[in-house]
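The values are calculated or read from the model by the stated rules, or taken from the named source; none is laboratory data. Owing to the predicted nature of the structure, the values given are computational and were not obtained by experimental measurement. Counting neighbours? That spans all protein chains shown, and the Cβs are built from the backbone with ideal geometry, glycine included. Calculation scope for accessible area: heavy atoms of the full protein, side chains included, ligands and nucleic acids excluded. Shrake-Rupley method; radii C 1.70, N 1.55, O 1.52, S 1.80 Å.
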Amino acid sequence: VARGVELLRGLRARDLPFPLVDQALGWLANENEWDRFREVLVSIDRAALDGVEQSRLLTRRATLAVRDGNRRGASSALQEALALDPANADALMALGQLYRTDRDYGRAELLLRRASDYGAVRESALVAPAEVAIDQENFDGALMFLRNVVETNPARADLKRNIDLLEDLQLL
């Protein structure tokens with residue numbers, strides 16, 4: 001990992017295609033390599049990127065801001081990312097989750113439903129409104145969302161168990 005980050009820095013992220021750098025950032029985040037994530041992130045020249053790429057970069061910055069406990073900075077970065085690319089599904093999901101944590105359920109649900117229009121995050125975006133509904137103790141709504149996911153993907157046996165639990169809660 002250290003050598004990979006060293007190579008990325010040595011080549012300067014601006015000399016590489018941004019999708020490759022973005023993929024490396026995603027991997028570093030998944031591996032909890034936050035110091036190295038930060039090193040690569042600061043080496044990227046935002047001005048050299050187009051609008052969609054800047055949106056992806058801002059989404060990565062927001063990921064780091066959330067990790068650092070800077071929710072306000074994350075929210076600002078995600079809003080700017082969506083202004084640059086309204087179809088940035090990852091930014092929609094992340095901002096929706098921030099709103100959910102802030103108990104701004106209306107905004108959260110709106111953004112999560114928008115995100116469900118994009119294939120890369122469709123299933124996660126369909127499950128997330130169920131979580132919002134559960135937060136609000138709207139078990140009927142949560143069941144509706146979960147059943148919709150199971151209808152579109154019957155292989156989601158994990159959700160069938162959640163549906164059973166919610167049905168039991170409704171009975172109580």
Along the chain, longest interval not containing exposed GluC sites (Glu not before Pro), exposed being DSSP loop plus at most 16 other Cβ atoms within 10 Å:
32-136
From largest accessible area down, sort F37, F139; use a 1.4 Å probe on the protein chains.
F139, F37
What helix-only [θ] at 222 nm does the chain give? Using -39500 (n - 2.57) per DSSP H run of at least 4, over all residues, to the nearest 500, the answer is -24000 deg cm²/dmol
For the chain, report the accessible area per residue in Å² (1.4 Å probe, heavy atoms, rounded to an integer).
56
Whole-Hz Karplus couplings 3J(HN,Hα) for the stretch 28-34, θ = phi - 60° and coefficients 6.51, -1.76, 1.60, Gly and Pro as x, run 4, 5, 5, 8, 6, 9, 5
Amide H contacts under 5 Å for D104, restricted to residues at least 5 apart in sequence or on another chain and with H modeled in the peptide plane, are none
For the chain, modelled as a GNM with alpha-carbon contacts under 10 angstrom, which of A115, A89, A130 fluctuates the most?
A130
On C-alpha positions alone, give me the angle between the axis of helix 71-84 and the longest principal axis of the chain, in degrees, nearest 10.
80
Between [x] 61, 29, 27; [y] 63, 36, 32; [z] 64, 32, 24, which entry matches Cα extents along the principal axes in Å as derived from the coordinates of this structure?
[x]
